[in-house]
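These notes concern the structure reproduced below.
The values are calculated or read from the model by the stated rules, or taken from the named source; none is laboratory data. Just so we're clear, the structure is a prediction, and the values are computed from it rather than from any experiment. Here the Cβ is made from the backbone with ideal geometry for all residues, glycine too, and neighbour counts use every protein chain on show.
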Amino acid sequence: MKKQRVSDSVTVNRRARYDYILGDELTVGMVLSGPEVRLIRDHHVQLKGAFVTIRGSELWLNNLTLGADTAQNIKLLATRKQIAALMREKIAGSTIVPVKLLGGVRHIKLVIAVGKGKKKYDKRETIKKRDIERGRYA
């Protein structure tokens, strides 16, 4: 009997960790149609340039690139308490950023995080720390 993985990372938004100081992460569901699920499972998806907004009392993922199509808007599934907490963070000046797309055996989930935008000098510090960890500088 073949053991199935619980969650398989389909795509990661590497730019998010570079552009934002990320805080709490939250895993949410997505409302998808059949062709959208197939494109995600076949890794024809990009989170680059995607962002999360709150419309009314609903979470929406905007500018998701699926296959050849661009600018897909997809509804996200979260509890009212989670949406209220995200709304408070948004009012305080934070941004809600999609970090990772998980395509497991049964469900496709999105990991979102609350983030504050980095300044240019913060980005330089991030690059410097990463280079030091790699051992480029002694």
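General remarks:
- Checking each residue in the range 95-123 for being touching a Leu at 6+ places or on another chain (Cβ under 9 Å) and of a type outside the set (Val, Ile, Thr) picks out Pro98, Lys100, Leu101, Leu102, Lys109, Leu110, Ala113, Gly115, Lys116.
- The numbered conditions (1) at pLDDT below 90; (2) under 26 Å from Gly34 (Cα atoms); (3) not aliphatic (A, V, I, L, M) are all true for Ser94 except (2).
- Here is the figure for the range 40-84: residues that are surrounded by fewer than 16 Cβ atoms within 10 Å (Cβ to Cβ), at pLDDT 90 or above and either among the basic types (Lys, Arg) or within 15 Å of Ile108 (Cβ to Cβ) (or both) total 5.
- Failed item, numbered, when Lys100 is tested on (1) closer than 30 Å to Gly34 by Cβ; (2) modelled with pLDDT under 90; (3) basic (Lys, Arg): (2)
- Any chance Ile127 is touching a Pro at 6+ places or on another chain (Cβ under 6 Å), β-branched (Val, Ile, Thr) and either over 20 Å from Met30 (Cβ atoms) or surrounded by 10 or more Cβ atoms within 10 Å (Cβ to Cβ) (or both): no
- Only one of the listed residues (Ser9, Ser33) is within 17 Å of Ile112 (Cα to Cα) and at pLDDT below 90. That residue is Ser9.
- Some residue of the range 110-118 being more than 15 Å from Asp19 (Cα to Cα) and under 19 Å from the mean Cα position of the chain (by Cα): yes
- Those strands (runs of 3 or more DSSP E) lying entirely in the range 37-81 with at least 2 residues touching a Ser or Thr at 6+ places or on another chain (Cβ under 7 Å): 58-66
- Contact map, the range 90-112: first residue assigned to a loop (DSSP other than H, G, I, E, B), second residue modelled with pLDDT of 90 or more and surrounded by 20 or more Cβ atoms within 10 Å (Cβ to Cβ), Cβ cut-off under 6 Å, separation 6 or more or different chains; pairs are Ser94/Val114.
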